[in-house]
Amino acid sequence: MAKHRATPRQSSLPSADDILEFIAQNPGKSGKREIARAFKVPAAQRVALKGLLRDMAERGLVTKRGKRLDKAGELPPVMLLFVRGRDDDGELVGEPTDWDEEEQGPAPQITVLPVKKPGKNNRQPGIGDRVLARIARRDDAPGYEARPIKVLGSQRARALGVLRKTERGNWRVSPIDKKARSDFAVASEDLNDATEGDLVEIEPMRSRALGLPRAKVVEQLANVRSEKTVSLIAIHNHRIPHVFPSKVLEAAKASTEADMTNRTDLRDLPFVTIDPADAKDHDDAVYAEPDPDNPDGFIVWVAIADVSWFVRPGSALDREAVERGNSVYFPDRVVPMLPEHISNDLCSLKEGVDRAALVVRMVFDQSGRKKGHKFLRGMIKSVMRLSYQEAQTAFDGEPDERVSPIADTVLKPLLDAYGTLAKARDDREPLALDLPERKLVLKPDGTVDHVMIPDRLDAHRLIEEFMIQANVAAAEALEDRRSPLVYRVHDAPGVEKMNALSEVVSSLGLSLAKPGQVRPFHFNRLLAQAEELPNRELVNTMVLRTQSQAEYSPENYGHFGLNLRRYAHFTSPIRRYADLIVHRALVSAYKLGEGGLDQSDLPKLAEIASQISGTERRAMAAERETVDRLITGYLSEKIGTQFRARITGVTRAGLFLELTETGADGFLPLRSLDYDYFHVDQERHAIIGERTSEAFQLGDTVEVKLEEAAPLAGALRFSMVSDGKSLGQPRASRFSRPKKPRGVGKSVAKGRKRPDKPRKASSGRGR
């Protein structure tokens, strides 16, 4: 690494300019550790340095790729590419294999040059190949060129698309992937029995000829008209492993029930599981009782399935689990992290069945503050499986016949304990967002029947709070024993996002603390101010969008949203690899027997944390896209119908909308408002007509008409029915949109990048 020259700032944090200069001098070799070493940043300021680097990334000054930082707009000198296709000149086109379009925008144009001296060990690259290449900017055109170092062969060559027949009788496959540059030509002999309208998996064929790239159909998956294929599209697009290798299934099948070795017998404690009514696995059970040594205090037990006993470090099950990172939940299916025999059987805390568990016993005083905790490996037997609705009915004093025998002895102490813990939670003041979480209800054929907003019950809040406290106890226990662990961390919002939020709320007549001074309670005060406003949901959504992305890290910088100094994920090892790491660490720290943390994994914790943070983002994107496509398919039968919607984004291209009833996202092009010439007023987050002064502003509720739906793209296009309001003349703006006649231009902006859809407010199991 090039040695950075001394600067006057070496005794404190470097400036953003200093860091950019350092990155420029050390391309491809600059990470937080290298920057800290070069500028002699003391240990006490490492967290502040991390915040500075994160703020630079949010401002678009640098791009983060794993542990490495690159100057924004620049690619590293050497990187791995995927050869996607050919451009109009017939040259091969590649893209970075680790490119995240959600965070980094469209992938750059990279022309893949031929190998100068092809030979036995390095052939010419072709479509579908992965290529390790040296990257440089082109001298003759925009973009980059890549000189291959090594052609590694095809790993991502297969693609998903819809088979269609042209008017001339030729077969074409239109890729589902919006980034695909062209269709594929398929010869009749390569159809593999697929027919028109089928969703097919294709394999590009090596071809140096001009024209459409060629491919052959590998597998006919389903007819695209079946809604059951929608989640399959997301699975493929995001490359989510969904078929377990035979070795993994064999290992799961060979697993047998745990014995009592190194276990405490807790089968006399009346644990219960409380889950959604349609849950197929039950990985957490709870029990509470008054503490005789602690007036008005409680002892709370949380038992979590002992996955670490069955999934050992380095095993086939473990390798598959870390690759998947987490389970992925679609409306019509689940892609599990572990095979069904593990997740739905051996590690499911079934009613009346002995099950191995890792258990935490926590003691809380009368104010709800935790006085102590203890972890042990146990054997439990759940006395009853309850749905949230069943538990809530009992909490309301109306248990049904099945639940009635345990209503007073088991469920009432649980509710009383939750009431005590809620006092401490309210004193702590975590971020109190109130966003409706819509759920798709499907018909037997996989199509959407209706969209509902489930009730938010005390039963949900009880389990959420118990899980949060168990997660805190796990982090504290491992810190106390000086054990390595993976934290669940959530940083405070960056300066740029806070400034953007301040502009929005000020346009609504609200106020917010200055950036750098904000705490969760500041947001709560803002939400309280907005409670009586018609824009209440908008403010909740904007506050959520302002938050940083939670992630996993071996370094602790706290959980801003929960307002906790230390936090780890412990409560769902069936569906999150991070929790499995914490379980193993606890087994090792408390000397609880086999299945502890492998010492060889310790140097890789940062890498694993980064990887599973990525698989979590991948799952969220796939789940979100599937819901978008399903709702779009549902609404495609309602073309011409009017809907009530809220304006969630104002851009020079048009308005982004969210339908009030279904939560579906859509777009209203500015060109469709062809009765006036509209300017974008950035300060007021509005578009304002030049002639009429008619305005549409962020947060407005409007009536719109559905003009077009593209289910495979998850895109909806609307036109405006409502009249605008008066905001006066538009203020000066560098953005304006030339007026076009109605209908000119693309009808649905396929591939248009929409603003990030807000993550749904989740239970404590997902925080």
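Okay, here's what the table says:
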item	result
Kirkwood-Stokes translational diffusion coefficient of segment 347-411, alpha-carbon pairs, 4 °C, 1.567 mPa s, µm²/s	93
Overall form of segment 416-542 per C-alpha gyration tensor (a/c, 1.5; a/b vs b/c)	oblate
Cα Rg over Rh - segment 618-684, Kirkwood	1.03
Mean projection area, nm², convex hull over Cα of segment 186-289	12.9
Spatial extent of segment 306-346: Rg and Dmax, with the Cα atoms as the point set, Å	10.6, 32
Extent along principal axes [Cα atoms of segment 473-624; Å; largest to smallest]	59, 34, 25
Structure-based [θ]222 nm, the chain - -39500 (n - 2.57) summed over DSSP H runs of at least 4, per residue, nearest 500	-7500 deg cm²/dmol
Accessible surface, per residue, of segment 372-502 when the full set of protein chains is kept, probe 1.4 Å, Å²	44
Solvent-accessible heavy-atom area per residue, rounded to whole Å², over segment 613-698 at 1.4 Å	34
Where labels lie 7 Å past Cα in the beta-carbon direction, separation of residue 641 and residue 203 in nm	4.3
For segment 366-491, Kirkwood radius (reciprocal of mean inverse C-alpha pair distance, Å)	17.8
Rounded Å value of the spacing that divides the Cα centres of segment 77-92 and segment 395-472	51
Dipole magnitude (debye, nearest 20) for the chain, charges at Cβ of Lys, Arg, Asp, Glu	3620
In Å, descending, principal axis extents of the Cα set of segment 534-665	65, 31, 25
Shape metrics for the chain, restricted to C-alpha atoms - Rg then Dmax, Å	27.9, 85
Radius ratio Rg over Rh of segment 559-625, counting only Cα atoms, Kirkwood formula for Rh	1.02
Stokes-Einstein translational diffusion, segment 227-358 - Kirkwood Rh over all Cα pairs, 1.306 mPa s, 10 °C, in µm²/s	94
GluC sites (Glu not before Pro) restricted to segment 350-437 and DSSP loop, no more than 15 other C-beta within 10 Å	401, 437
Restraint check, 350/638; 280/374; 165/280; 150/216, Cα-Cα greater than 32 Å	350/638; 165/280
Heavy-atom accessible surface of the chain: percent carbon and sulfur, 1.4 Å	47
R0 of 45 Å, Cβ-Cβ distance residue 369-residue 261: FRET efficiency to nearest 0.05	0.80
Tail beyond 22 Å, pair distance distribution of segment 475-561 (Cα, percent)	36
Ranked order, 33, 584 - accessible area, probe 1.4 Å, largest first	33, 584
Potential lengthening between residue 323 and residue 591 on full extension [0.36 nm per residue; Cα-Cα distance subtracted]	93.7 nm
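The values are calculated or read from the model by the stated rules, or taken from the named source; none is laboratory data. These numbers were taken from a predicted model, which means no experiment stands behind them. Quick reminder, even Gly has a Cβ in these numbers, built from the backbone with ideal geometry, and neighbours come from all protein chains shown. Heavy atoms of the whole protein, side chains included, go into the accessibility calculation; ligands, DNA and RNA do not. Shrake-Rupley method; radii C 1.70, N 1.55, O 1.52, S 1.80 Å.
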